[in-house]
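Everything below concerns the one structure shown next.
The values are calculated or read from the model by the stated rules, or taken from the named source; none is laboratory data. In this text the structure is predicted, and so the values were computed from the model without any measurement. Heads up, the Cβs are rebuilt from the backbone with ideal geometry, glycines too, and the neighbour counts pull from every protein chain shown.
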Amino acid sequence: MDPTGAAGLQYDPMVGTSGSQYAPNFGAARAQYDPSIRAAGLQYDPSTRAAGSMKPAQAAGPASSLGSALLGEAINWLGVPYGGAGVTCTGFVAAVYEKFGYSLSLSEAGQLGAVGSLNSGSPPPGSIAFWSEDGSGMPTHVGIGAGGGMVVDANIVGGMVKQTPYDIVPGYMGWGFPA
């Protein structure tokens, strides 16, 4: 197997805990995003977390350094293949959040449980966005908010982690941050 692959990916055995064996490098996959998304500065700021909690101390939105950092990590995954030797939607979200000390379920329902209540409208940077594509009211797909009406998600449609409008996937439920 080619360890770098066509998308500029490197094998990383440490990523196996999130369900994927591939971690993005800083090559071709990273070049697929708009660098202006990173303009807000993406350094992790521990002061954005509430004491004794993994929840941001403020509603994370476009100005949140934690939300921006989560989005920056999500963008590093652009181009990673979906499924198989790649990552699923829930595995992608769990892996991104794991970098910041969160331990999320690998199921949509489990991730919704970690978030609790959902907010409506465009998901802000770093938030977890949920969809119920089958109309059941239970989540069947997740992604990470990118702001500006966009999300980063791993979806079978397109076959890789990509950035798309949040409302292009049917059954949008809303967004939230883990408690």
Exercise. Return a yes/no flag: does segment 45-59 have any residue that is farther than 18 Å from Gly174 by Cα, modelled with pLDDT of 95 or more and surrounded by fewer than 13 Cβ atoms within 10 Å (Cβ to Cβ).
Key: no
Quiz item: Could we say that Ala114 is in a helix (DSSP H, G or I), in contact with a Pro (Cβ under 6 Å, 6 or more places away or on another chain) and aliphatic (A, V, I, L, M) here?
Solution: yes
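Being buried (at least 24 other Cβ atoms within 10 Å of the Cβ) and of a type in the set (S, T, N, Q) is true for just one of Ser127, Ser120, Ser107, Ser103. Which residue is that?
Result of the check over Ser127, Ser120, Ser107, Ser103: Ser127.
In this structure, does Asn155 turn out to be under 19 Å from Val87 (Cβ atoms) and not small (Gly, Ala, Ser)?
Judged against the criteria, Asn155 is a match.
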Exercise. Within segment 134-147, track down each residue that is surrounded by 15 or more Cβ atoms within 10 Å (Cβ to Cβ) and either among the aliphatic types (A, V, I, L, M) or outside any strand (DSSP E or B) (or both).
Key: Pro139, Thr140, Val142, Ile144, Ala146
Quiz item: Any idea how many residues of segment 143-161 are under 19 Å from Thr88 (Cβ atoms), of a type outside the set (A, V, I, L, M) and in contact with a helix residue (DSSP H, G or I) (Cβ under 8 Å, 6 or more places away or on another chain)?
Solution: 4
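Scan segment 119-131 and give yes if some residue there is aromatic (Phe, Trp, Tyr) and in a strand (DSSP E or B), otherwise no.
yes
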Quiz item: Which condition does Ser105 not pass, out of (1) assigned to a loop (DSSP other than H, G, I, E, B); (2) under 15 Å from the mean Cα position of the chain (by Cα); (3) in contact (Cβ under 8 Å) with a residue 60 or more places away in the chain, if it passes all the others?
Solution: (3)
Quiz item: Restricting attention to segment 116-143, and to residues there that are hydrophobic (A, V, I, L, M, F, W, C) and closer than 11 Å to Gly174 by Cα, which single residue is farthest from the chain's Cα centre (by Cα)?
Solution: Leu118
Quiz item: Of the residues that sit in segment 157-179 and are in contact with a Gly (Cβ under 7 Å, 6 or more places away or on another chain) and hydrophobic (A, V, I, L, M, F, W, C), which one is surrounded by the fewest Cβ atoms within 10 Å (Cβ to Cβ)?
Solution: Ala179
